[in-house]
Amino acid sequence: MSFSTTPAVLILEDGRTFSGSAYGSVGETTGEAVFVTAMTGYQETLTDPSYHRQIIIQAAPHIGNTGVNRTDDESGRIWAAGYVVRDASRISSNWRSEGDLADWLSESGIVGISDVDTRALTRHLRDKGAMRMGIFSGPAAEAPVDELLARVQAAPEMAGANLVDEVTTSQTRLIPAEGQKRFSVAAVDLGIKSMTPERMAERGIDVHLVPASITLEELQTLGVDGVFFSNGPGDPAAADDQVELLRGVLDARLPFFGICFGNQLLGRALGFGTYKLPFGHRGINVPVMDRTTDKVEITSQNHGFAVDAPLEGETTAPHSPDYGRVIVSHVCLNDDVVEGLACLDIPAFSVQFHPEAAAGPHDSSYLFDRFIDLMTASQADSAAQA
């Protein structure tokens, strides 16, 4: 790669400014500033649709040393609006590498900046909270700072943003089970990562990947044994159509499993509220306790919103008593944020993190097996009632 010396500037919406060098494409971009604490997995991060309209700040100082490859992509493109690193690797050195990160960013039109004090930037966001940000390089960086700041402040905010339709699949497709088929699941694509259906397929599940706009009637014609809601970008308070779909799933007593955005939508479907976190959880090192087992797992996370549900005891679902009792099944050990919900009287549960572990630890892979147990129990109940 050719190492850029093109000047670049980063401007936060509160006016704080950082100077650096262009990294990737030269130009300008705006989005919500989010920091990621993971030391590895930058390729999976960049291709995660949950980062749509966000500018990623890598807290780890050295980025790009293992290059990029086609295998590790979690979708068909980079979804991040921009990229911020401190020390961009000058070489790619890995036996799996098929290219250079900076070249990939440039070819994908992703405007980035390097040589930035990402520690200071991360501390600023932790102190002041999430905010919009802009990166300007080349001729774009030559404009007066107050003009660039105005562009940042004019960018849309994440609160209230409905982005699901911008990232979902356009048509239903099947990811077939590996080996003998055990179950069939409809996975509603709210911004799904490619490893997620693979984790289900390797457990003998036929995965019907369906658009976020699917109706309950269309979903039921698939004849599935369960329904899965994926991760995704935007504000869960704006996803009313998907909440109504999920309530139909719960009313039909179809076994349900949701992750990340899917966890927030289950919270809304049950009648709980959601709220925006000060700076979110993004990384592959977030400690969570599974209260059903008292085990602590290190999790992969990417979310800026959370469910507002009582942490202690059982609660009757506020939306409808027909949904019965609900507990907070998982909690974050850093800040007591709700990390999972479990329904005790209907077959539904969810978690706020990413059990597919791409990239990330594999502590939470048992959750796919828990989904299988839920579908097994549901089939047994149906057989007993027949």
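Nothing in this text is a laboratory measurement; each read-out follows from the coordinates by a stated rule. Keep in mind that what you see is a predicted model, and the values were worked out from it rather than measured. Neighbour counts run over all protein chains shown; Cβ positions are idealised from the backbone, glycine included.
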Karplus couplings for region 141-147 from phi (6.51 cos²θ - 1.76 cosθ + 1.60, θ = phi - 60°), rounded to Hz, Gly and Pro as x?
7, 7, 5, x, 4, 5, 5
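Just the number, please: percent antiparallel of the DSSP beta bridges in the chain, rounded to the nearest 5.
The antiparallel fraction comes to roughly 60 percent.
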How far, in nm, would the chain grow between Ala120 and Arg173 when pulled straight, counting 0.36 nm per residue and subtracting the alpha carbon separation?
14.6 nm
Using a 7 Å offset from Cα along Cα-Cβ at Lys128, what residues in region 134-168 end up with backbone N under 18 Å from the label point?
134-136, 145-159
Quick one: 3J(HN,Hα) in Hz for region 206-216, Karplus 6.51/-1.76/1.60 with θ = phi - 60°, rounded, Gly and Pro as x.
6, 10, 8, 7, 10, x, 5, 8, 4, 8, 4
Can you compute the modelled spin-label distance between Asp87 and Glu107, with each label point 7 Å from Cα toward Cβ, in nm?
2.7
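Quick check on the exposure proxy: order His62, His319, His330 from fewest to most C-beta atoms within 10 angstrom.
On the way: His62 12, His319 15, His330 26.
Ranking His62, His319, His330 by Cβ neighbours within 10 Å, fewest first, gives His62, His319, His330.
Using 1/(1 + (r/R0)^6) with R0 = 45 angstrom and r between the beta carbons of Asn69 and Arg370, what's the FRET efficiency to the nearest 0.05? Intermediate values should be presented prior to the final figure.
Values: r = 32 Å, r/R0 = 0.70.
For Asn69 and Arg370, the calculated efficiency is 0.90.
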Here the gain from full extension of Thr221 to Gln153, 0.36 nm per residue of separation minus their alpha-carbon distance, amounts to 19.9 nm
Using a cut-off of under 17 Å, list every residue of region 184-227 whose amide N is near the label point 7 Å from the Cα of Arg77 along the Cα-to-beta-carbon line.
190-194, 212
Karplus-derived HN-Hα couplings along region 300-307 (A = 6.51, B = -1.76, C = 1.60, θ = phi - 60°), whole Hz, x at Gly and Pro:
9, 9, 7, 8, x, 10, 8, 8
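For the chain, which span is the longest to avoid every loop-located (per DSSP) member of chymotrypsin sites (Phe, Trp or Tyr not before Pro) having at most 16 other Cβ atoms inside 10 Å? Please list the in-between numbers first.
Values: sites that count: Phe3, Trp95.
Of all site-free stretches, the longest is 96-386.
Tell me, in nm to one decimal, what length is gained between His62 and Ser19 on full extension, where the rule is 0.36 nm per residue of separation less the Cα-Cα distance? Let's see the in-between values first.
On the way: separation 43, 0.36 × 43 = 15.48 nm, distance 1.77 nm.
Extending this stretch completely gives an extra 13.7 nm.
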Under 5 Å, built H, 5+ apart or other chain: amide partners of Glu74:
Thr47
Could you list Ser4, Ser320 so that the one with the fewest beta carbons within 10 Å of its beta carbon is first and the one with the most is last?
Ser320, Ser4
How do Asp14, Asp48 line up, fewest other C-beta atoms within 10 Å first?
Asp14, Asp48
